[in-house]
Ligand SMILES: Cc1cc2nc3c(=O)[nH]c(=O)nc-3n(C[C@H](O)[C@H](O)[C@H](O)COP(=O)(O)OP(=O)(O)OC[C@H]3O[C@@H](n4cnc5c(N)ncnc54)[C@H](O)[C@@H]3O)c2cc1C
Ligand code: SF4
Ligand code: SF4
């Protein structure tokens, strides 16, 4: 069986974001990067399946981006992926989800992957499109936001997380793609021997130009901080007044009260 | 009449040969007993503990004969030490008699045991014998009657105590019998120099001379057999500690306190990290189990044990011994339990007090290394998150690394990136960088430096966690990664001296970073301020206050900095009321050993226990010197309900308030 | 401008959030048609074209089939925008439709501006304005970002059918696990700190949480004191949360607490101390006594 897991390296969300020179994405100065959280669930699930199937199975991890993404790739290798493809793209952040999906699909096209794992979305861009679009481009079955996964002789049973904690149970035939959600598993912490082994695993570098032939469909016109939500207002005074003010703020600034 | 005695009186020189044969046989049993333990010790890995040979021998002689470590705890220790010295004198006396009989007399033809020397000899030996019996009685009462908490009674206690009593009493009885037949009649003046014998002799005065001789013979043999029994029992009972504990005084490490083996991360032939089973330990670690005297001193000082966590350092050492003997392939973490292994705060109270030089802390750390590096285990999810945060943002809170230097905005301080020509590099650490309460301490430290005309630099956002908490939780890999980045960075600046306000950073930078190639003097701010005061670079206007002081483990026990902070506080006008446990006997705040990033889920709260000790002094102020302690105490005061009676402040805050402008 | 809105059914019921699509379309000033895989017994209260496929034959989750139905409606309507809710149904289906049409997709829109659609990013810390370059655009809108609009009336129903060639089989629903709480997924958290004073006051905080449809959180001392279960604890040794709304009642804002809740979208703190450190992360700091303010707020919210 051949497995593929697609990961993205994202900035830590504690970071302070500032627009870059183009004003369409963040400047990377002072940012700390890590593996996209949802992709960690994807890697963990893929590695578990890989372990369950033993050596008849091969698990590849793929990431698109500049050289820094090799750090995330290494982590996935240390968690238990067998080999890696680094699709080199210094301008990955300017690609829209369609282009990213097209790149992955071009890579995966003739490789006969039985199952592809992705995160349900990236933490920085959050468009939740790439996984499904890859599946559509490859013409394979797909389900999203899974919090439960089992695979038995070519049939995947997945649990999708729906609103309100309800779950939808779905069966898919491989080849298939699943996008992974928080709650699917607890990603392992790589052990030192595995970190050492990972250093020797192969990372194939592929220039993005070799794979990507598509133009962007959506373009980012601007990247900016939200209009001040209320920004550190201090309210003092009579309780009844305060309540009125807070209700007004809740209605205005949050989706909680309408 | 000359003051001397006839050796082998009533026994005749005929006993010499059987006596020596039997004695050698007994030594043979002793040697055999230890020989049989060799393979157990040898299951461990190689470790050189025979370097510094002369110093080791000196240390052993002074520790064994001086008994200072034993004496440090008066309860039990006094009895043991006096018993030890008395027994030693008896042993030496017996040896002297033996030499006299079988060497000096036949070969050199001199008699040492005569005249005034003999009188003194008799008196000293008798007094030693009496003292030994009294001390043994004390030990007996302690073990079987008063029984302090945690003191166990095991098979060996019966054997050893009975044997020692029997040896001492039969010794006096033979002496009494001999004296009843000889001195008491022939030289009563001399008899006064053997008060014990004199007393025992009274038992025999009514016997006929014939019966007396037979009784003496029987007693002599009985005493002799008991002594042989003693030698034979050494390897098989607690008595083994006579040799093993003494040997440990020789084998104890020579490295700086707190040194941990730095794993070579480049060596990819290594497949096992840390300690999973007995064979991953060093032979000394296994030997330690044989050197333990079960004195339970470690246990009663252990902050984890005393707050009902499943860790006893004594039990842990014994469990290692049991596994080594019975089930060497068994899992240490299963036997000892992960909860116990994670509960340790690495406070070193156990190791510091141990009269047997047992090294508890590194054993625990090696087991943690196995759990962390080989199994990816954590004491809890919160720790996993914190570790990930350190990995990504260089601080356990997961706050943006770029904000690390924000606390210093507006202060007279230079960020090394811009200006690295400074007197000292202040390594701020995570807590003082990000935690509001501790930021105040950092600012006060800067105020002090400014007043003393010291130009301070910080690394700002370039600084990362020193790696101490993760290292103590066993994550050597992450520790070395972060440490390497800090070291590389510090080396790019021409740093003359590093000062920290955190004892954990201090230990790590001053000692652990050396192994990774950082060799710049590092000081904790307490000693640094003390020097400023002594050199009149800084002057304080004393303002009286009452306080009690907490010696953080990593400043006191690890770095021997105990007096300087107190002397600063005295200059500042403070009058101290010490807590019951202070100085080397201080009680941990609960945050060491990486516990600062872990939740205390088991037992009661260590910080509350310590706060209780502080409030018991009646002082309204607790002075600390460590951001971790500060954090724990602020917490312990709140949850322990001490808000109305106690405040905690850092030494830097006290000093900064009193600076002479 | 013309929009095709994709409504939602779950467990046999029309979801109210379907009406959010209508207010989005209204803001665009667009002509609307709606597509729904549902049943005639429960139709949306709106007077417009409704393409209706029967839920009994098409299923609630059959993305391949639903995609075909939508493509069919797109053929018929020729819309500029196809609008979904950004929900487990919408984010699953929208990219399939977008890929089939090779149309730009803009996800989780929170507003429409002159220059394009506004979407959140970096965990709502930042915003992007995104423009489509294709003739048709697929859009998903953030749940709750647009108010519910119930124009009333009844739709002009046009029935659709399609057959499934799907490689996916929907087995059924599993009810939500009865967990005590799952703070990590809560949208609203109201946290009790030590400032609430005593255990008896916990229900007051709980009541506000309920009124807002959220969960009760707690600071550690409150948990340590046994006032609230540990599963409610927020912070480094509790849970890390990022709800849409976080209300901290009588919480001072120690770093261990902040580390667990700083990522919340909107933070309101109620504290009698104007200088409490929680003020540094709070969007709104209400300086008041919790026990006076909270019940009053709850009463208003409940109305
Ligand atoms: C290792 C470690 C881990 C920790 N982990 C966590 C954790 O995960 N989560 C956590 O929460 N804490 C944690 N803590 C504890 C943390 O340091 C603080 O002690 C704790 O968060 C304080 O809780 P609090 O804000 O409820 O109480 P306090 O700090 O006592 O604050 C009470 C606040 O209520 C206000 N107040 C009082 N009365 C009123 C009133 N009538 N009306 C309005 N306001 C009022 C006060 O002004 C004050 O600001 C941890 C501590 C340590 C040492
Ligand atoms: S180092 Fe401290 S906590 Fe650890 S076992 Fe020893 S006494 Fe107990
Ligand atoms: S380890 Fe040391 S302190 Fe602890 S019981 Fe044994 S001898 Fe005593």
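The values are calculated or read from the model by the stated rules, or taken from the named source; none is laboratory data. Keep in mind the model is a prediction, meaning the values are calculated, not measured. Note that we place each Cβ from the backbone using ideal geometry, even for glycine, and neighbour counts take in every protein chain shown.
Return yes or no: is residue B:286 more than 16 Å from ligand 1 (Cβ to nearest atom), at pLDDT 95 or above and either assigned by TED's automatic domain parsing to the domain that holds residue B:151 or over 24 Å from residue B:592 (Cα atoms) (or both)?
Spelling it out, residue B:286 is indeed more than 16 Å from ligand 1 (Cβ to nearest atom), at pLDDT 95 or above and either assigned by TED's automatic domain parsing to the domain that holds residue B:151 or over 24 Å from residue B:592 (Cα atoms) (or both).
Sort through B:397, B:378 and tell me the only one that's farther than 21 Å from residue B:557 by Cβ and without any contact (Cβ under 8 Å) to a residue 60 or more places away in the chain. Show your work before the answer.
Numbers: B:378 fails: without any contact (Cβ under 8 Å) to a residue 60 or more places away in the chain.
Residue meeting the stated conditions: B:397.
Determine if the stretch C:62-77 includes at least one residue that is outside any helix (DSSP H, G or I), surrounded by fewer than 24 Cβ atoms within 10 Å (Cβ to Cβ), modelled with pLDDT under 95 and within 13 Å of chain A (Cβ to nearest Cβ). Walk me through it before giving the result.
Pass one, the stretch C:62-77, residues outside any helix (DSSP H, G or I): C:62.
Next, from what is left, pick out any that are surrounded by fewer than 24 Cβ atoms within 10 Å (Cβ to Cβ): C:62.
From what is left, the residues that are modelled with pLDDT under 95 are C:62.
Of the ones still in play, those that are also within 13 Å of chain A (Cβ to nearest Cβ) are C:62.
Yes, the stretch C:62-77 contains at least one residue that is outside any helix (DSSP H, G or I), surrounded by fewer than 24 Cβ atoms within 10 Å (Cβ to Cβ), modelled with pLDDT under 95 and within 13 Å of chain A (Cβ to nearest Cβ).
Suppose the filter is under 15 Å from the mean Cα position of the chain (by Cα), surrounded by 24 or more Cβ atoms within 10 Å (Cβ to Cβ), within 18 Å of residue C:97 (Cα to Cα) and at pLDDT 95 or above; does residue A:118 pass it?
Details: under 15 Å from the mean Cα position of the chain (by Cα): yes; surrounded by 24 or more Cβ atoms within 10 Å (Cβ to Cβ): yes; within 18 Å of residue C:97 (Cα to Cα): no; at pLDDT 95 or above: yes.
Spelling it out, it is not the case that residue A:118 is under 15 Å from the mean Cα position of the chain (by Cα), surrounded by 24 or more Cβ atoms within 10 Å (Cβ to Cβ), within 18 Å of residue C:97 (Cα to Cα) and at pLDDT 95 or above.
Hey, could you check the stretch A:221-235 for residues that are touching a strand residue (DSSP E or B) at 6+ places or on another chain (Cβ under 8 Å) and under 17 Å from residue C:287 (Cβ atoms) and say which is modelled with the lowest pLDDT?
Of everything passing the filter in the stretch A:221-235, A:230 is modelled with the lowest pLDDT.
Being closer than 26 Å to residue B:655 by Cα, away from chain A (no Cβ under 14 Å) and crowded, with 21+ Cβ neighbours inside 10 Å narrows it down to one residue among B:513, B:525; which is it?
Working: B:513 fails: closer than 26 Å to residue B:655 by Cα.
Within the list B:513, B:525, the selection yields B:525.
Just to check your reading of the model, which residue among B:358, B:353, B:336 is within 16 Å of ligand 2 (Cβ to nearest atom), closer than 29 Å to residue B:247 by Cβ, more than 14 Å from chain A (Cβ to nearest Cβ) and crowded, with 23+ Cβ neighbours inside 10 Å?
Residue meeting the stated conditions: B:358.
Only one residue in B:518, B:569 is assigned to a loop (DSSP other than H, G, I, E, B), in contact (Cβ under 8 Å) with a residue 24 or more places away in the chain and either within 16 Å of ligand 1 (Cβ to nearest atom) or more than 30 Å from residue C:238 (Cα to Cα) (or both). Which one?
Numbers: B:569 fails: assigned to a loop (DSSP other than H, G, I, E, B).
Selected residue: B:518, the only one of B:518, B:569 that is assigned to a loop (DSSP other than H, G, I, E, B), in contact (Cβ under 8 Å) with a residue 24 or more places away in the chain and either within 16 Å of ligand 1 (Cβ to nearest atom) or more than 30 Å from residue C:238 (Cα to Cα) (or both).
With (1) within 29 Å of residue C:138 (Cα to Cα); (2) touching a strand residue (DSSP E or B) at 6+ places or on another chain (Cβ under 6 Å); (3) assigned to a strand (DSSP E or B); (4) in contact (Cβ under 8 Å) with a residue 60 or more places away in the chain as the list, and residue A:10 as the residue in question, which single condition is left unmet?
Condition not satisfied by residue A:10: (2).
Where in the stretch C:243-289 are there strands (runs of 3 or more DSSP E), lying fully within it, with 3 or more residues that are more than 16 Å from ligand 3 (Cβ to nearest atom), touching a helix residue (DSSP H, G or I) at 6+ places or on another chain (Cβ under 7 Å) and within 14 Å of residue C:191 (Cα to Cα)?
Working: elements: C:245-249, C:266-271, C:284-287.
Qualifying strands (runs of 3 or more DSSP E): C:245-249, C:266-271.
Hand me the list of helices (runs of 4 or more DSSP H) wholly inside the stretch B:393-495 holding 2 or more residues that are surrounded by fewer than 23 Cβ atoms within 10 Å (Cβ to Cβ).
On the way: elements: B:430-434, B:436-451, B:468-472, B:476-492.
Qualifying helices (runs of 4 or more DSSP H): B:436-451, B:476-492.
State yes or no: is residue B:81 farther than 17 Å from residue B:224 by Cβ and either assigned by TED's automatic domain parsing to the domain that holds residue B:148 or more than 25 Å from the chain's Cα centre (by Cα) (or both)? Step through it out loud before you land on a result.
Working: farther than 17 Å from residue B:224 by Cβ: yes; either assigned by TED's automatic domain parsing to the domain that holds residue B:148 or more than 25 Å from the chain's Cα centre (by Cα) (or both): yes.
For residue B:81, the condition - farther than 17 Å from residue B:224 by Cβ and either assigned by TED's automatic domain parsing to the domain that holds residue B:148 or more than 25 Å from the chain's Cα centre (by Cα) (or both) - is met.
Is at least one residue of the stretch C:87-98 more than 8 Å from chain A (Cβ to nearest Cβ), under 22 Å from residue C:45 (Cα atoms) and part of a strand (DSSP E or B)?
no
Can you name every residue in the stretch B:400-423 that is within 10 Å of chain A (Cβ to nearest Cβ) and touching a residue at least 40 places away in the same chain (Cβ under 8 Å)?
B:401, B:402, B:403
Across the stretch C:105-115, what is the number of residues that are buried (at least 21 other Cβ atoms within 10 Å of the Cβ) and either at the interface with another protein chain (Cβ under 7 Å from one of its Cβ atoms) or more than 23 Å from residue C:71 (Cβ to Cβ) (or both)? So that I can check it myself, show each step before the final result.
Initial filter on the stretch C:105-115 (buried (at least 21 other Cβ atoms within 10 Å of the Cβ)): C:105-109.
From what's left, either at the interface with another protein chain (Cβ under 7 Å from one of its Cβ atoms) or more than 23 Å from residue C:71 (Cβ to Cβ) (or both): C:105-108.
Total satisfying the criteria: 4.
Being more than 14 Å from every other protein chain (Cβ to nearest Cβ), modelled with pLDDT of 95 or more and under 23 Å from residue B:510 (Cβ atoms) is the requirement here; does residue B:366 meet it? Reasoning before the result, please.
Details: more than 14 Å from every other protein chain (Cβ to nearest Cβ): no; modelled with pLDDT of 95 or more: yes; under 23 Å from residue B:510 (Cβ atoms): yes.
No; evaluated as a whole, the condition is false for this residue.
Of the residues in the stretch B:253-292, how many are surrounded by fewer than 20 Cβ atoms within 10 Å (Cβ to Cβ) and under 15 Å from the mean Cα position of the chain (by Cα)?
Here the count works out to 6.
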